[in-house]
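Here is the structure we will look at, set down as structure tokens.
Nothing in this text is a laboratory measurement; each read-out follows from the coordinates by a stated rule. Computed from a prediction, not measured in an experiment: that's the story for all the values here. Here the Cβ positions follow ideal geometry from the backbone for every residue, glycine too, while neighbour counts run over all protein chains shown.
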Amino acid sequence: MNEHTISNVVIVGGGTAGWMAAAAMSRFLNNGVTRVTLIESEEIGTVGVGEATIPPLLTFNRMLGINEHDFVRETGGTYKLGIEFAGWGDVGERYFHPFGSHGHDLGGVHFHQLYLRERKRRVMQDISAWSMSAVAAQAGKFATPGPNAQSAVKDLLYAYHFDAALYARFLRRFAEGNGVQRLEGKIVDVALRPEDGHVAAVTLEDGRSVGGELFIDCSGFRGLLIEEALHTGYEDWRHWLPCDRAVAVPSRYSGDPDPFTRATARSAGWQWRIPLQQRMGNGLVYCSEFLTAEAAERELLANLEGDPLAEPRHLSFTTGRRKLGWNRNVVALGLSSGFVEPLESTSIHLVQSGIAKLIALFPDRRFDPVERDEYNSQMDELYADVRDFVILHYKATRRSDTPFWDRCRTMDIPDSLQRKIDLFRAKGRVFREGRDLFATTSWVAVCLGQHIVPDEYEPAVDALDEDKVATALEQMRRDYLQVADQLPTHADFLRHTGATLANAAPPVAAVKDEPNFAFASETPFNFSANPL
């Protein structure tokens with residue numbers, strides 16, 4: 001331990017972001033010197049609704065040593081194999097963005113390039129027919145791959161849906177059990193050090209002063225420290241992502257939960273559908289320039305699959321990010337750092353990635369600028385990459401049936417995204433080196449799903465025998481169908497592992513562990529030197 005080791009970390013705000021940060025720091029900064037304090041007010045509450053996630057969250061939970069079944073059971077969770085998009089390419093169309101891969105590469109050639117050549121020879125099914133996750137999702141099937149799986153089930157990759165408030169509560173128990181101190185109270189003042197402008201302390205409504213050396217701002221859109229105290233500035237992305245409002249409501253549903261999220265394009269935005277154990281999470285993200293709050297609420301309620309369980313909640317936001325995620329001795333996480341609408345379920349991943357990068361670049365009391373600058377550079381790249389991928393869904397539409405969609409179809413886009421589209425349109429090329437999110441499969445799924453079809457394929461494909469490739473592709477497709485047929489239903493898997501579903505049927509006795517998939521997920525996780 002060096003003499004400059006930070007001894008007090010103060011997290012401002014709870015919710016998912018705050019308690020994820022507290023849980024991770026209680027695990028990785030357990031050095032006997034650094035204390036972690038979290039301040040939140042029950043009066044303020046959080047934005048959390050039904051939350052959909054992406055696969056990297058599994059790594060976060062495993063690094064904390066969290067048992068998967070306990071986590072799913074206590075957060076009202078279900079499993080997620082991808083996202084179904086309805087009405088995005090054109091009215092009435094659907095496509096599936098799966099987790100995992102499309103098929104397998106052959107001879108060093110990407111699978112989607114083989115698929116592109118084959119579809120020039122004959123009529124082909126949608127590329128999702130070559131995804132284990134997509135085939136299982138569309139059949140309503142699910143299982144976690146066994147540690148020694150030999151069949152195509154090993155290609156199944158998944159994430160979760162859960163109640164965000166329950167997840168925050170779950171992580172709070174974990175963090176407090178590891179020594180994090182929680183203080184109840186509302187912050188009314190922020191004191192800055194005159195010599196360098198760093199935050200020195202925050203004052204609570206009851207007069208208590210809480211000092212620290214490193215502050216984590218998880219105060220939501222407000223940005224209590226990062227913006228109100230440090231005036232960091234905000235980069236507005238509404239030119240490309242014009243939706244600025246949302247209305248959310250839970251509803252009943254009588255069927256079994258699907259193992260996927262659905263995003264349905266509506267008149268001036270899109271509607272999310274997130275199946276939890278006991279309810280359906282629903283919401284409409286929309287642009288207030290084209291739709292009033294009252295009309296948005298009517299549109300959402302008219303498209304629910306069951307009766308609403310609460311009054312609709314209205315939210316407003318500005319898509320974009322802080323100009324600095326780490327400013328002086330404050331690091332912003334969650335909504336304090338920026339907001340990219342939840343179309344691809346990236347909100348929690350941006351929190352997780354920020355935490356991982358902060359731990360990897362954790363400062364001491366000298367706050368070396370090189371660490372701060374590296375953090376900001378990496379987070380800027382990540383936010384821009386997520387931004388471009390979400391914009392792609394809006395730009396790559398053929399819809400002109402409403403003024404909103406006509407604007408999206410014809411808008412200018414960032415040069416970085418235009419280059420990606422041009423490369424794909426020419427010969428189906430996708431370059432993702434060094435990116436920690438949205439692999440080739442993701443770009444291929446959205447581009448092909450929304451009619452960005454390459455003019456040609458890579459020349460390297462022609463080095464492979466057409467008939468042998470066709471046979472291999474057909475065998476892959478059949479393997480995925482055969483494995484999906486053997487899997488338990490998503491509902492049976494959940495019941496077997498202790499979940500309580502709204503459709504409260506008992507577990508199916510015939511469902512049992514198989515060598516290729518598993519109900520147990522208690523294998524000890526080996527600590528990695530690369531956290532999170």
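Structure notes:
- Loop-resident trypsin sites (Lys or Arg not before Pro) (DSSP state other than H, G, I, E or B) in region 217-311 with no more than 14 further Cβ atoms inside 10 Å of their Cβ: Arg238, Arg252.
- Note on the chain: semi-axes of the ellipsoid equivalent to its C-alpha gyration tensor, largest first and rounded to whole Å, are 38, 27, 25.
- With respect to the chain, whose longest principal axis is taken over its alpha-carbon atoms, helix 369-395 is tilted by about 40°.
- Charge dipole of the chain about the Cα centre (unit charges at C-beta), most positive-ward option of Leu230, Leu29, Ser416: Ser416
- Plainly put, region 246-316 has a radius of gyration that is 0.96 times its Kirkwood radius, both from alpha-carbon atoms, as the Rg/Rh ratio.
- Only one residue of Thr59, Leu335, His110 has its Cα farthest out toward the positive end of the dipole of the chain, where Lys and Arg carry +1 and Asp and Glu -1 on Cβ, and that residue is His110.
- In a simple Cβ point-charge model (Lys, Arg +1; Asp, Glu -1; nothing else charged), region 246-316 has a dipole of about 120 debye relative to its Cα centre.
- Summed residue charge, Cβ within 14 Å of Glu227's Cβ, Lys/Arg positive, Asp/Glu negative: +1
- Loop-resident trypsin sites (Lys or Arg not before Pro) (DSSP state other than H, G, I, E or B) in region 324-395 with no more than 12 further Cβ atoms inside 10 Å of their Cβ: Arg366.
- Rounded to the nearest Hz, the phi-derived 3J(HN,Hα) couplings of region 7-19 under the Karplus curve 6.51 cos²θ - 1.76 cosθ + 1.60 (θ = phi - 60°) are 9, 9, 10, 10, 9, 9, x, x, x, 4, 4, x, 7, where x marks glycine and proline.
- Average Cα contact separation per residue, the chain, under 8 Å, 6 or more apart, as relative contact order %: 23
- Sparsely packed loop sites in region 108-159 (the trypsin sites (Lys or Arg not before Pro) outside DSSP H, G, I, E and B with at most 14 other Cβ atoms within 10 Å) comprise Arg122.
- Each Cα pair under 8 Å and six or more residues apart adds its sequence gap; the mean of these over the residue count of region 414-454 is a relative contact order of 45 percent.
- For His104, no residue whose modelled amide H falls within less than 5 Å of its own remains once neighbours fewer than 5 places apart on the same chain are excluded.
- Stretch in the chain that is longest and holds no chymotrypsin sites (Phe, Trp or Tyr not before Pro) that DSSP places in a loop and that have at most 14 other beta carbons within 10 Å: 1-430
- In degrees, nearest ten, helix 111-121 long axis to first principal axis of the chain (Cα): 30
- C-alpha long axis of helix 440-449 to longest principal axis of the chain, angle in °: 60
- Net charge of neighbours whose Cβ lies under 12 Å from the Cβ of Ala268, counting Lys and Arg as +1 and Asp and Glu as -1: -1
- Taking a ≥ b ≥ c as the square roots of the eigenvalues of the Cα gyration tensor, region 1-114 is prolate, since a/c reaches 1.5 or more and a/b is larger than b/c.
- Given 11 as the ceiling on other Cβ atoms within 10 Å, longest exposed-site-free region of the chain for GluC sites (Glu not before Pro) in DSSP loops: 196-432
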